[in-house]
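There's a structure below that I have some questions on.
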């Protein structure tokens, strides 16, 4: 399973830390489309590809569904480029891909 960018529209914003905490939203958002047959239970992010933090997905993203995500305010001012991978209900993981979260309208598609 591979992560690909479905749609990216240019605009400027600052986001990103591998450790995403629950809390007040920063206003920086992106969308996830789960085109797999398995529920996404975790979204992992990393600036360096070595240290991974978990993005809070609440109850996860069911197969065939989409969800809008927001970065926590504590991540403002961090690097825009982050590596992202999904963890599925069966504990398998997608490959990690790097995304520029300074892009407005970013949609991550897991297929």
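Which one is nearest to residue 109 (Cα to Cα) among residues in region 71-81 that are surrounded by fewer than 17 Cβ atoms within 10 Å (Cβ to Cβ) and either modelled with pLDDT of 80 or more or in contact with a strand residue (DSSP E or B) (Cβ under 6 Å, 6 or more places away or on another chain) (or both)?
Across region 71-81, the extreme among qualifying residues is 81.
What number goes with the only condition from (1) under 12 Å from residue 34 (Cα atoms); (2) free of Cβ contacts under 8 Å to residues at least 60 places away in the same chain; (3) within 13 Å of the chain's Cα centre (by Cα) that residue 65 does not pass?
Result: residue 65 fails condition (3) only.
The values are calculated or read from the model by the stated rules, or taken from the named source; none is laboratory data. It should be emphasised that the depicted structure is a prediction, and the values quoted were computed from it without experimental measurement. When we count neighbours, we look across all protein chains shown, and the Cβ atoms used for this are built from the backbone with ideal geometry, even at glycine.
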